[in-house]
Amino acid sequence: MINITLPDGSKREYPGPVSVAEVAASIGSGLAKAALAGKINGKVVDTSFVIENDSPLSIITAKDADGLDVIRHSTAHLLAYAVKELFPDAQVTIGPVIENGFYYDFSYKRPFTPEDLVAIEKKMTELANKDEPVQRRVLPRDEAVAHFKNQGENYKAEIIASIPSNEDVSLYREGAFEDLCRGPHVPSTGKLKHFKLMKVAGAYWRGDHRNEMLQRIYGTAWATKDELKDYLFRLEEAEKRDHRKLGRELDLFHIDEHSPGTVFWHPKGWSVWQQVEQYMRKVYQDNGYQEVKAPQILDKTLWEKTGHWDKYRENMFTTDSEKREYALKPMNCPGHIIIFKQGIKSYRDLPLRFGEFGNCHRNEPTGSLHGIMRVRAFTQDDGHIFCTEDQIQAEVTAFTALLQKVYADFGFTNILYRLSTRPEKRIGKDEDWDKAENALAEGLRASGCEFEYLPGEGAFYGPKIEYTLKDALGREWQCGTIQVDPNLPERLDAEFVGEDGDRHRPIMLHRAILGSLERFIGILIEHHSGALPAWLAPVQVSVLNITDAQADYAKEVAQKLQKALPNQSLRVVTDLRNEKITYKIREHSMQKLPYILVAGDKEKAAGAVAVRARGNKDLGVMSVDAFIELIAQDITAKA
């Protein structure tokens, strides 16, 4: 007898070996129809898999995350099947699941066209509608190599030939197409209904630029029609919100070939930068941080001591002078330790919090650069807290509350918290790791945060918390972090005098809220679709006249607004051109300004303005003082 334990704890008994599909059928016809795979002892298997021993079993359907992976994996094979049907000379290579979809690489004599993608997708639908069974078989390695060579599939043969000769390999067949794969797969092609091919890109065979350039077809697949529709809508929205596109349209910045991976900020873009930096500078001042500034260029010997020279040398920009070798700093940490070491520090000085808007340089590959999101020169809102082991928890709790407030002010309220714990290769004693991991966890709990563990994802010297925000499209951006590091203070010989009069090593907490300012501003632009809240907007108000008769009045209004608020100047422009007012309103609206003020003869006579808020909202006519009160409230609320 075979006993199967289901997720609810109930047990089912079968007279002998039983397949996953048979178990599903014995539970109910609905589950049998919905079953895509099974999960036994944490391993996902085909529905045809035969269970020969007592086992726990979960039936995987399209509602499960594992089920969606199986759908996407199987759809990649369906793509290859369709390509071989339409282009028999094409050779298939590899086709993995990726975030939100899949891809498959092909070798073919000519580039695939957009029309080809339409035809391939149509063929995929035809093949799926045939509802052909997907069947697995196993062959000895050498037999599998010969099998694919006979089919002219030299790439598949090469992949299999790299497998040890004493191993068997599994193949999956659907209709006339058979592919190398570990599986699992859906039981039949009819389970694949909601997919779309997205684009074609180039990819080197096995990722080596010395090999042939293949054609990579990307696709997406979902469990339901609505999920596919929602994903495509979000993609369309993301394209509209692309910070590179909005950066051009709103005249914020540009990237120039004369300095790849660095940003040329235009006046309006630099205004946004300044608002972000000055806001964070106030955050530092109000929360016990002392702002410092370390040099851009540091001697090679320092980077050797920290270990960066060995691990990150290829990503560092270097220079030399008077027979000494230097590197532009890729990070700020060593400079802060050098500052900490100046003068004797006591336990009474701890926790000591340093903050810096530190300019860093990293020699990122050209292909990885992406607008202002991924650059070679960037500025971090970097901070380091020097503290004792006993102070870690309190610092984490305070930092988490601070980060939540900052994110909320920028318009982000959905935050994910992840605690990365000790990796297999690490330094230090397990008892020290226990204390550090527990301090981070308790710091999050004290902040009322639900969090997930990422086992083994910590640095080799300490655990860390990653703070990930979700934007308006539900995309995740990991920006904030706090990380325990006893390693760098040890390497650079940082000390403080303890209460016992002896010298001790401080714990260094690496922390950032925004991360790279460039990247964070890119996220802000996309989150707000370029329509930044009034407190951040590069231009907060534009004043437009209807005719030349109101030109002087419009200038007076602008000057009054600029001086209206204490401790800050409103960012105001005037548009006095001899153009139709409807044209001027439309043009300024396209710049996504928070407020547009219009002055005609009536408004001039009354000392008032007609107010339009972003989104074509007509707020009516009000006095200039009333508008000042309105925008002051808007800025204070950071709405």
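Each value in this text was obtained by applying a stated rule to the coordinates, not by laboratory testing. Computed from a predicted structure; not experimentally measured. With ideal geometry, Cβ positions are generated from the backbone for all residues, glycine too; neighbour counts draw on all protein chains shown.
Taking the Cα centre of the chain as the origin and placing charges on Cβ (Lys, Arg +1; Asp, Glu -1), which of THR468, VAL557, GLY9 is farthest toward the positive end of the dipole?
VAL557
Extending each Cα 7 Å along its Cβ direction at ARG491 and HIS266, get the distance between those two points in nm, one decimal.
Spacing of the two 7 Å Cα→Cβ label points: 4.2 nm.
With labels modelled as points extended 7 Å from the Cα through the Cβ direction, what inter-label distance (nm, one decimal) is found for GLU476 paired with ARG324?
Computed distance between label sites GLU476 and ARG324 equals 4.5 nm.
Taking the beta-carbon count within 10 Å as an exposure proxy, list MET373, MET124 from fewest neighbours to most.
MET373, MET124
Want the number for ARG348 to GLN285: 0.36 nm per residue separation, take away the alpha-carbon distance, what's left? Could the numbers behind the result be given before it?
On the way: separation 63, 0.36 × 63 = 22.68 nm, distance 1.99 nm.
Between ARG348 and GLN285, full extension yields 20.7 nm more.
If you average the sequence gap of Cα pairs under 8 Å that are 6 or more apart and divide by the length of segment 276-414, what percent do you get for the contact order?
Computed over segment 276-414, the figure is 23 percent.
At 0.36 nm per residue, and after removing the present C-alpha to C-alpha distance, how many nm does the segment from LYS225 to GLU13 gain when stretched out fully? Please report the intermediate quantities before stating the final value.
Numbers: separation 212, 0.36 × 212 = 76.32 nm, distance 3.71 nm.
Full extension from LYS225 to GLU13 adds 72.6 nm.
Report the relative contact order of segment 527-639, percent, no decimals, based on alpha-carbon pairs under 8 angstrom and at least 6 residues apart.
30
Report the longest stretch of the chain that contains none of the GluC sites (Glu not before Pro) sitting in a DSSP loop with at most 13 other Cβ atoms within 10 Å. Don't skip to the answer; put the middle values down first.
Working: sites that count: GLU52, GLU99, GLU167, GLU212, GLU257, GLU322, GLU424, GLU450, GLU499, GLU579.
It works out to 323-423.
To the nearest 0.05, what FRET efficiency results for GLU389 and GLU450 with a Förster distance of 25 Å applied to their C-beta separation?
0.45
Can you give the Rg and Dmax of segment 321-365 based on its C-alpha atoms, in angstrom?
In order Rg, Dmax, the Cα atoms of segment 321-365 give 14.6, 45 Å.
So if each residue of separation counts as 0.36 nm, and I subtract the Cα-Cα distance between ASP256 and ASN578, what length gain in nm does that give?
Difference between extended and current length: 112.4 nm.
What value does segment 20-123 have for Rg/Rh, both radii from Cα atoms and Rh as Kirkwood defines it?
1.10
Listing CYS333, CYS360 from the residue with the fewest other Cβ atoms within 10 Å to the one with the most, what is the order?
Starting with the residue having the fewest Cβ neighbours, the order is CYS360, CYS333.
Fewest to most neighbouring Cβ within 10 Å: what's the order for VAL20, VAL92, VAL497?
Working: VAL20 27, VAL92 23, VAL497 15.
Ranking VAL20, VAL92, VAL497 by Cβ neighbours within 10 Å, fewest first, gives VAL497, VAL92, VAL20.
How many angstrom separate the Cα center of segment 261-326 from the Cα center of segment 45-88?
If you average the Cα positions of each part, the centres end up 48 Å apart.
Would you work out which of LEU524, LEU352, TRP265 lies farthest towards the positive end of the dipole of the chain? Charges go on Cβ: Lys and Arg +1, Asp and Glu -1.
TRP265
Label 7 Å along Cα→Cβ of ALA549; segment 579-600 residues with amide nitrogen under 19 Å?
579-582, 598-600
I'd like the distance between the alpha-carbon centres of segment 355-421 and segment 561-619, rounded to an integer number of Å.
Cα centroid to Cα centroid, the span is 37 Å.
Considering Cα pairs under 8 angstrom that are at least six residues apart, work out the relative contact order of the chain and quote it in whole percent.
Over the chain, the number comes to 8 percent.
Would you work out the Kirkwood radius for segment 363-402? I mean one over the mean of 1/r across all pairs of different Cα atoms, in Å. Don't skip to the answer; put the middle values down first.
Details: mean 1/r = 0.0756 Å⁻¹.
Kirkwood radius, segment 363-402: 13.2 Å.
Based on the Cβ-Cβ distance from GLU629 to LYS240, what FRET efficiency comes out when R0 is 30 Å, to the nearest 0.05? Intermediate values should be presented prior to the final figure.
Numbers: r = 34 Å, r/R0 = 1.13.
The value I calculate is 0.35.
Would you calculate the separation in nanometres between label points at ASN211 and THR125, each defined as 7 Å from the Cα along the Cα-to-beta-carbon direction?
Calculated label separation equals 3.4 nm.
Just to be sure I understand: if I project the alpha-carbon convex hull of segment 162-279 onto a plane and average over all orientations, what area do I get in nm²?
Details: hull surface 56.3 nm².
For segment 162-279, the mean projected area of the Cα convex hull comes to 14.1 nm².
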